[in-house]
Structures are given as C-alpha cells and as structure tokens.
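A.B. asks: Pasting in a structure now, in structure tokens, and then I'll have a few things to ask.
No value in this document is a laboratory result; all are computed from the given coordinates. Just so you know, these numbers come straight off a predicted model, no measurement behind them. Glycine gets a Cβ as well: all are built from the backbone with ideal geometry, and neighbour counts include every protein chain shown.
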Amino acid sequence: MSTILRIFIKDLRGICRNIFALVIAIGLCIIPSLYAWFNIYSNWDPYANTASIKIAVYSEDTGFDMDGEYKNMGNSIIDNLKENNKLGWTFTKDMDSTIDGVKSGKYYAAIVIGDNFSRSMINFLNDNMETPSVTYYENAKKNAIASKITQKAKTAVQEQVNSTVVSTLAETTMKVTNA
C-alpha cells in the first residue's frame, strides 16, 4: 500500500509541475460532470418549453347548413386549439403559406382541415358517408425531437376531432329522434 501511495504522490507532483498536464487532468475531471449536468437538465422536463414549437393550423372548411342552422366544425376545432397553450399553434390564412412555411422550416408541422370537414361529419346519417379529412404535414429535417412532439399534437387534434364527431353524432341523433 505504501508503494501505491508513493507512486500517486510522485504523479501528483509531476502533474503540478507541468501546466499542460494539469489542464488536461482538470479537464478530464470536469468535462464528464458538465456533460452529465447538462444532459440531466435537458431531460428533466422536456415538455416544459414546447410552446416555442410552431405548428401551423389552417381550416379550409366551408361549413354546412343543417336544417337552417349553419355549422362549421373546422372553426370549432380551431377555437379549441386557441385555448390550448401547450404548443405554439399558429393559425394561418391560406393553404400555400401553410405548406410553404413547413417546407421552409418556419413551422415544424402543419395541420390542414379539409374543405368538406363539416359536411362529412354531419352527413354520417346519409348514404354518402365519407371520412372528414385532416391532413398532417411535417418537417422532420428541422429537428428530430420536435417531430416526436408534433406527433403528440397530431394525436391531440385527432382526439379533438373524435370528440367533435361523437358530440355531433349525439346531437344529430337526438334531433332526429325528437322530430
């Protein structure tokens, strides 16, 4: 044991005499801990700052007149998304700027509600039932982790559409059965 201690003290004296060796030894002690601290800090709560992830939302929905009552389900979904502040929802004015924004990297993703969205949701009782269209565009090249978060946003919009479909189904069924 005394031999090991003597070698260790001799190495410490040698490192202290050589500035270059001292800098390298200190760097080898500090850099791994800095890496660990930053890595732990970044993974502590990865969804805390997701409001800076911009997701474009555009509705082409023209609405639908049902028994003299105008319904626009696309606008109701957009109104619900405006209340959600967990992501950076950006509501665009036209389809071209929405898709160009995703391609250019201005937005991480885009969700486009189709022009027949309300009609498709309300016409489920007729023979010509078609699926409401919601199109999702993604720029995976901008940030690999952001694409995972935008997938969560896509899921959130799908859940909102599903709840809207169920509520519309219940409302229409009640109107038909009461008539």
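A.B. asks: Could you pull out every residue, at least 5 positions away or on a different chain, whose amide H is within less than 5 Å of the one on Lys71? Hs are placed 1.01 Å off N in the peptide plane, and Pro or chain starts have none.
C.D. replies: Answer set, sorted by chain and number: Phe64, Asp65, Met66.
A.B. asks: Would you grab the residues whose amide H sits under 5 Å from the one on Lys54? Only those 5+ places off in sequence or on another chain, please, with H modelled 1.01 Å from N.
C.D. replies: Tyr108
A.B. asks: Give a quick list of trypsin sites (Lys or Arg not before Pro) in the stretch 1-106 that DSSP marks as loop, anything other than H, G, I, E or B, with at most 15 other Cβ atoms within 10 Å.
C.D. replies: Counting only loop positions with at most 15 other Cβ atoms within 10 Å, the trypsin sites (Lys or Arg not before Pro) in the stretch 1-106 are Lys86, Lys93.
A.B. asks: What pairs in Lys93/Lys148; Lys86/Lys148; Lys103/Lys152; Lys54/Lys93; Lys54/Lys82; Lys54/Lys152 have C-alpha atoms more than 18 Å from each other?
C.D. replies: Distance filter (> 18 Å) returns Lys93/Lys148; Lys103/Lys152.
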